[in-house]
2 protein chains.
Amino acid sequence: MDLAARIVARDPRAAARAMRDVDDRVPGYLELLKAIFPSTGKATVVGVTGNPGAGKSTLTDRLIEKYRASGKSVGVICVDPSSPYTGGAILGDRIRMSRHATDPGVFIRSVATRGHLGGLSRSARDMVRILDAYGADVVIVETVGVGQDELEITRTAHSTLVVMAPGMGDEVQAIKAGILETADVFAVNKADRDGADATVRDLELMIALGTETMVAAGKSRGHVVHGGAKVDVIPTSPTRDDAELWTPPIHKCVATKNEGVAELVSSLEKHAVWLATTEAGRARRRTRLAEEVREALRETLIDAATHSLRAEIDAAVAAVDARAVDPYTATEALLAKFTGR
Amino acid sequence: MDLAARIVARDPRAAARAMRDVDDRVPGYLELLKAIFPSTGKATVVGVTGNPGAGKSTLTDRLIEKYRASGKSVGVICVDPSSPYTGGAILGDRIRMSRHATDPGVFIRSVATRGHLGGLSRSARDMVRILDAYGADVVIVETVGVGQDELEITRTAHSTLVVMAPGMGDEVQAIKAGILETADVFAVNKADRDGADATVRDLELMIALGTETMVAAGKSRGHVVHGGAKVDVIPTSPTRDDAELWTPPIHKCVATKNEGVAELVSSLEKHAVWLATTEAGRARRRTRLAEEVREALRETLIDAATHSLRAEIDAAVAAVDARAVDPYTATEALLAKFTGR
């Protein structure tokens, strides 16, 4: 049996090998992805993001437990895009999940940047497909932080859970990093600590103001006064007055005590239904698919161009370095050469 | 006079207008950049980066003062790549620099992402060129944080100053974000606080281990034990045994009291000499230029492809959505269509 067939036949070694091949982009990885594509599309993909220290790993562990209890198989992809220096293993966090290591219904893998930063969300997406073809009912994509790169990666998920903790200054960070646009469900974890209600109120305010601004007809920008600072809010989706719009619910939970986790799973399931059954949900799925195709095209284009233009690029750099040509004209000439126009 | 000529003739309104046009990429901006290119190449470009709270703005203010005292004109570009929600103005910080606002020898502008994230370092680079053509002797590019995007942006500078403060947990963050590769000079600011010496020692250790690893012949990877965690160190430049290699000096300073700032300026000047006079320095300049050309090519390519393939991309997305084709085959077909091969 070839690798694709072995993945679909639920051979865990084949899945592990395929995920490594895809992350490393070894020759033939695209053919593999094409071969498994007809066996994909069945898994529910959940993104888990939030600041370090918010308790994402513990909560992910609880989610795995919950899904397993309802008979679902679970794949987990842990992504660390921030570090070119760690070799893809945030071992401390992962150890917390290791009690699932002997459960054949749970499959956990880590990925990290290997120099191709922009391509990490593509790697994550491809690895989700492998776990999907492998038969995972739910695939969880967990990131270590909430930077711009992490937010890109959560866009590979169907539903994104943003995990916060009281008193971590998450709120301002959240607005800054564009979380409102990414979050489908909010978890205020460690809710037995002081400040949980304040965090919930801050989020409610942020969502209310964000939604209001987006819905207000003809108004494309607004601002939120938050933490004493005026913060511009720029809706990225087209302004629409649509009763079908999804408003992210906010759940308090205490992952260490397994409190409030069932409600999170329930909200994630409602979001999956929203995606599948409403026009707004279907439109969002298509938007994400369009992003994937554009991103893949971008990467394929630049790979093809740098490969076929290697000598020309070197010559252009030398010419710019000698100030014989400006970099803008040099770039246009390279483009013309590549497209033959 | 056209806009380019007015910039070279040191008309501040023309420079401001050009920087806005370039950031917004209004039609004709490329022609403007081509026109001013022959008047560029004279300015020294200094990047200033570091965690929020390290005192970057205060230190930048002191650097401006120092450069002005030696008769140099100064341009400052403040970049905030982390937030799609702030409209380009970190006003609180900027106010600290406002005492220079009436000095015609100082020109300060802010930029932020306007949706084109990857393009921000290109915008920054183009804006540096405008200030260079405008006659700035020194251009300072200051970022608000030290994320991956900010580090990309500091690569548009000739010399990068990384600002740290004691006791902020900067050190681990620093290793994680690839700072060792970016920093040409380190400033340990707020050095009158506890922990400054420890921060200096941590940096010295990091530099020593990093350099050792890079120089060790045939060894392409190593690791540093830091803060109890084993951290992989992957040198990104080719292993070389070169006496000309630049080792980033570490300076303690107290920007609020104007202490240690002269030493920083002196180190930045030494670095400029290193860039200009050593083979390693010239090689680095060419590497950065090659990065610029590749980045511009990448962006130009994707602009041209998405423009000319608009209908085909929509059709491909619909086909993938209907599962009539896999996204990998669809992408290859788009590439073939674009290159006509």
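The values are calculated or read from the model by the stated rules, or taken from the named source; none is laboratory data. What you are looking at is a predicted structure, and each value in this text was computed from that prediction instead of being measured. Neighbour counts are summed over all protein chains in view; Cβ atoms, including those assigned to glycine, are modelled from backbone coordinates with ideal geometry.
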Seminar exercise, completed: Those residues of region B:307-335 that are surrounded by fewer than 20 Cβ atoms within 10 Å (Cβ to Cβ), at the interface with chain A (Cβ under 7 Å from one of its Cβ atoms) and of a type in the set (S, T, N, Q) come to a total of 1
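Tell me the residue from A:Asp321, A:Asp326, A:Asp303, A:Asp314 that is touching a Phe, Trp or Tyr at 6+ places or on another chain (Cβ under 8 Å), of a type in the set (Asp, Glu) and not assigned by TED's automatic domain parsing to the domain that holds A:Ala124, please. Full working, then the answer.
Working: A:Asp321 fails: touching a Phe, Trp or Tyr at 6+ places or on another chain (Cβ under 8 Å); A:Asp303 fails: touching a Phe, Trp or Tyr at 6+ places or on another chain (Cβ under 8 Å); A:Asp314 fails: touching a Phe, Trp or Tyr at 6+ places or on another chain (Cβ under 8 Å).
Testing whether each residue is touching a Phe, Trp or Tyr at 6+ places or on another chain (Cβ under 8 Å), of a type in the set (Asp, Glu) and not assigned by TED's automatic domain parsing to the domain that holds A:Ala124 leaves just A:Asp326.
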Problem set entry | Lone unmet requirement of (1) part of a helix (DSSP H, G or I); (2) of a type in the set (A, V, I, L, M, F, W, C); (3) out of contact with any helix residue (DSSP H, G or I) (no Cβ under 6 Å at 6 or more places or on another chain) for A:Leu301 | (3)
For this session: Kindly check whether there is at least one residue in region A:284-291 that is under 28 Å from A:Val200 (Cα atoms) and free of Cβ contacts under 8 Å to residues at least 40 places away in the same chain.
Result: yes
Problem set entry | Selection within region B:34-56 - buried (at least 21 other Cβ atoms within 10 Å of the Cβ) and more than 19 Å from the chain's Cα centre (by Cα) | B:Ile36
For this session: Kindly establish whether A:Thr40 is in contact with a strand residue (DSSP E or B) (Cβ under 6 Å, 6 or more places away or on another chain), of a type in the set (Val, Ile, Thr) and in contact (Cβ under 8 Å) with a residue 60 or more places away in the chain.
Result: no
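Restricting to region A:268-305, and then to whatever is basic (Lys, Arg) and farther than 27 Å from A:Val163 by Cα, can you tell me which residue is nearest to the other protein chains (Cβ to nearest Cβ)? First the steps, then the outcome.
Our first condition is that a residue be basic (Lys, Arg); within region A:268-305, this holds for A:270, A:282, A:284-286, A:288, A:294, A:298.
If we keep only those that are farther than 27 Å from A:Val163 by Cα as well, we get A:294, A:298.
Values: A:Arg294: 7, A:Arg298: 5 Å.
Only one residue fits best here, namely A:Arg298.
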For this session: Would you check if A:Ala183 is modelled with pLDDT of 95 or more and either in contact with a strand residue (DSSP E or B) (Cβ under 8 Å, 6 or more places away or on another chain) or farther than 20 Å from A:His271 by Cα (or both)?
Result: no
Exercise. Say we look at region A:143-165 and pick out the residues that are in a helix (DSSP H, G or I) and among the hydrophobic types (A, V, I, L, M, F, W, C); which of these is nearest to the chain's Cα centre (by Cα)?
Worked result: A:Ile153
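Could you tell me whether region A:131-142 includes any residue that is assigned to a loop (DSSP other than H, G, I, E, B) and either under 20 Å from A:Thr287 (Cβ atoms) or within 14 Å of the chain's Cα centre (by Cα) (or both)?
Looking only at region A:131-142, we keep the residues that are assigned to a loop (DSSP other than H, G, I, E, B), and these are A:134-137.
Now restrict to residues that are either under 20 Å from A:Thr287 (Cβ atoms) or within 14 Å of the chain's Cα centre (by Cα) (or both): none.
No, because not a single residue in region A:131-142 is assigned to a loop (DSSP other than H, G, I, E, B) and either under 20 Å from A:Thr287 (Cβ atoms) or within 14 Å of the chain's Cα centre (by Cα) (or both).
Is it the case, given these coordinates, that B:Thr339 is away from every other protein chain (no Cβ under 13 Å), touching a Ser or Thr at 6+ places or on another chain (Cβ under 9 Å), of a type in the set (Val, Ile, Thr) and surrounded by fewer than 18 Cβ atoms within 10 Å (Cβ to Cβ)? Spell out how you get there, then give the answer.
Values: away from every other protein chain (no Cβ under 13 Å): no; touching a Ser or Thr at 6+ places or on another chain (Cβ under 9 Å): yes; of a type in the set (Val, Ile, Thr): yes; surrounded by fewer than 18 Cβ atoms within 10 Å (Cβ to Cβ): yes.
No.
Is it the case that B:Thr102 is at pLDDT below 95, on the phi < 0 side of the Ramachandran plot and within 14 Å of another protein chain (Cβ to nearest Cβ)? It would help to see each step written out before you state the result.
Values: at pLDDT below 95: yes; on the phi < 0 side of the Ramachandran plot: yes; within 14 Å of another protein chain (Cβ to nearest Cβ): no.
For B:Thr102, the condition - at pLDDT below 95, on the phi < 0 side of the Ramachandran plot and within 14 Å of another protein chain (Cβ to nearest Cβ) - is not met.
Filter the helices (runs of 4 or more DSSP H) completely within region B:1-98 down to those with at least 3 residues that are modelled with pLDDT of 90 or more, in the same structural domain as B:Val254 (by TED's automatic domain parsing) and not β-branched (Val, Ile, Thr). Break it down stepwise before answering.
Numbers: elements: B:3-8, B:12-24, B:29-36, B:56-69, B:91-96.
Counting at least 3 such residues, we get B:56-69.
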Problem set entry | Exclusive hit being assigned to a helix (DSSP H, G or I), at negative phi and at pLDDT 90 or above, set B:Asp197, B:Asp202, B:Asp192 | B:Asp197
